[in-house]
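The values are calculated or read from the model by the stated rules, or taken from the named source; none is laboratory data. Not measured: the values here are computed from a predicted model. All Cβ positions, glycine included, derive from the backbone under ideal geometry; neighbour counts span all protein chains shown. All accessible areas refer to the heavy atoms of the entire protein, side chains included, with ligands and DNA or RNA removed. Shrake-Rupley method; radii C 1.70, N 1.55, O 1.52, S 1.80 Å.
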Amino acid sequence: MSSAPDLSGASDQEVVALALERCTEAYTELVHRYTEPILRHVHEVVGGPKERAVDLTQISFIKVFSGLHTYRP
């Protein structure tokens, strides 16, 4: 059994390429990198309870992952 790759030092381009190859760890890395900044931004924009911003952030990730094949660095 091989260990999960450490993607913390990989560029976004490299991580996206791996995600496009269906590497679960790459999706996890993207979520790890961008959850907090996206959550903060969404909360600033929409206000209200933090749960609303969390829901919208999750929806954003779903949309990003479904359109990842269109990513252009």
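Below are the figures for this structure:
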| quantity | calculated |
| --- | --- |
| For the chain: relative contact order, % (alpha-carbon pairs under 8 angstrom, 6 or more apart) | 25 percent |
| Signed unit charges on C-beta, dipole axis of the chain, positive-most listed residue VAL46, VAL15, VAL31 | VAL46 |
| Ellipticity estimate at 222 nm from DSSP helix runs (n ≥ 4, -39,500 (n - 2.57)) divided over the chain, nearest 500 | -22500 deg cm²/dmol |
| Accessible area expressed per residue, the chain, with surrounding protein chains retained (probe 1.4 Å, Å²) | 74 Å² |
| Residue with peak Gaussian network fluctuation, the chain [Cα springs, cutoff 10 Å], from THR24, THR35, THR57 | THR24 |
| Heavy-atom accessible surface of the chain: percent carbon and sulfur, 1.4 Å | 57 percent |
| Built amide H within the under 5 Å cut-off of CYS23, gap 5+ | none |
| For the chain: Kirkwood Rh in Å [reciprocal of mean 1/r, alpha carbons] | 13.3 Å |
| Dipole magnitude of the chain, debye to nearest 20 (Cβ charges: Lys/Arg +1, Asp/Glu -1, about Cα centre) | 280 debye |
